[in-house]
């Protein structure tokens, strides 16, 4: 018997959002055109293919203006951008006619441009071009490469991700830190019931779980196996019951990761949070921003204090 897989129409917008949950790097893909001029675009659809021979690939939409050039080129280069190169990503995601005059670049083996300051770079000869639906897959054989100790620029759910920012925030906080987490579980947020009201899980530092005063230790004692994804807020409080630097992550608890939770744990639907029971004004404000940005699937990072600060918007899709 032959199994027949029936094709089902997909909601393309939702499909794109689902794919956006995969964290990627950000690259600039370049080549030299037949007339000798450079050409390039920003891409996050880059991955390794093989170690022997050394192959990498990048996907290019057939509707992209660079499609014709890259589908015919015999060489190209991929620059994996570093955290400080959001501007470079923006240049090559734009329709600017003079992209290469706005950035610093150099060449190596093939003559394709490589971005100065990149976390890594791969200089390639075209190995194959494969038709794949509304894209082509450009496979390159790496003939030269470089890499540095710079942290790469991340990308997830239509936003740039700064991998080192959370560590910098924790280091700056020192002994005055309060490290907490906004954790989702089954469509709700994890809150703790206290005599003074509801609060988020918090510790005085992030690690280790063996330390009952750390966030990981608090979560372990509560019976929560949590995955901390990204930094959400960093702010300073000079007065009140918890002065010092506050660092909050956003994350999740899987149903499988819920052991025997403490009686203090409450999982409250995002649309039903009792705001008047949140004991801390700054936490209430932060949670309200979280619910708003969660509904828009567009997160930022708040940096400031409890009175004034700025939400650093994580750039929109390139």
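The values are calculated or read from the model by the stated rules, or taken from the named source; none is laboratory data. All values reported here derive from a predicted model rather than from experimental measurement. Don't worry about glycine lacking a Cβ; one is built from the backbone with ideal geometry, like all the others, and counts go over all protein chains shown.
If only residues of the stretch 25-63 that are over 18 Å from residue 121 (Cα atoms) and surrounded by 15 or more Cβ atoms within 10 Å (Cβ to Cβ) are counted, the one that is modelled with the lowest pLDDT is 61.
What are the residues in the stretch 259-271 that are assigned to a helix (DSSP H, G or I) and in contact (Cβ under 8 Å) with a residue 60 or more places away in the chain, if any? First the steps, then the outcome.
Kept after step one, since they are assigned to a helix (DSSP H, G or I), are these residues of the stretch 259-271: 270-271.
Answer for the stretch 259-271, where residues must be assigned to a helix (DSSP H, G or I) and in contact (Cβ under 8 Å) with a residue 60 or more places away in the chain: just 270.
For residue 142, the criteria (1) within 19 Å of residue 44 (Cα to Cα); (2) assigned to a strand (DSSP E or B); (3) modelled with pLDDT under 95 hold in every case but one, which is (3).
Considered as a group, the residues in the stretch 223-244 that are more than 10 Å from residue 181 (Cβ to Cβ) and either buried (at least 19 other Cβ atoms within 10 Å of the Cβ) or outside the structural domain of residue 294 (by TED's automatic domain parsing) (or both) include one that is modelled with the lowest pLDDT, and that residue is 237.
Residues in the stretch 115-128 that are buried (at least 22 other Cβ atoms within 10 Å of the Cβ) and in a loop (DSSP other than H, G, I, E, B): 118, 119.
Report whether or not residue 294 is closer than 13 Å to residue 189 by Cα, assigned to a strand (DSSP E or B) and either at pLDDT 60 or above or in contact with a helix residue (DSSP H, G or I) (Cβ under 8 Å, 6 or more places away or on another chain) (or both).
Details: closer than 13 Å to residue 189 by Cα: yes; assigned to a strand (DSSP E or B): no; either at pLDDT 60 or above or in contact with a helix residue (DSSP H, G or I) (Cβ under 8 Å, 6 or more places away or on another chain) (or both): yes.
Against the criterion (closer than 13 Å to residue 189 by Cα, assigned to a strand (DSSP E or B) and either at pLDDT 60 or above or in contact with a helix residue (DSSP H, G or I) (Cβ under 8 Å, 6 or more places away or on another chain) (or both)), residue 294 does not qualify.
Would you mind stating whether residue 78 is on the phi < 0 side of the Ramachandran plot, at pLDDT 95 or above and either over 26 Å from the mean Cα position of the chain (by Cα) or crowded, with 17+ Cβ neighbours inside 10 Å (or both)? Yes: the conditions hold for residue 78. Within the stretch 83-95, residues that are assigned by TED's automatic domain parsing to the domain that holds residue 119 have Cβ atoms under 6 Å from residues that are surrounded by fewer than 17 Cβ atoms within 10 Å (Cβ to Cβ) in these pairs: 83/151; 91/102, counting only partners at least 6 apart in sequence or on another chain.
Is there a residue in the stretch 276-288 that is modelled with pLDDT of 80 or more and farther than 16 Å from residue 180 by Cβ? Yes, the stretch 276-288 contains a residue that is modelled with pLDDT of 80 or more and farther than 16 Å from residue 180 by Cβ.
When the helices (runs of 4 or more DSSP H) confined to the stretch 7-114 are screened for residues that are more than 19 Å from residue 155 (Cβ to Cβ), those reaching at least 1 such residues are found at 12-19, 67-72.
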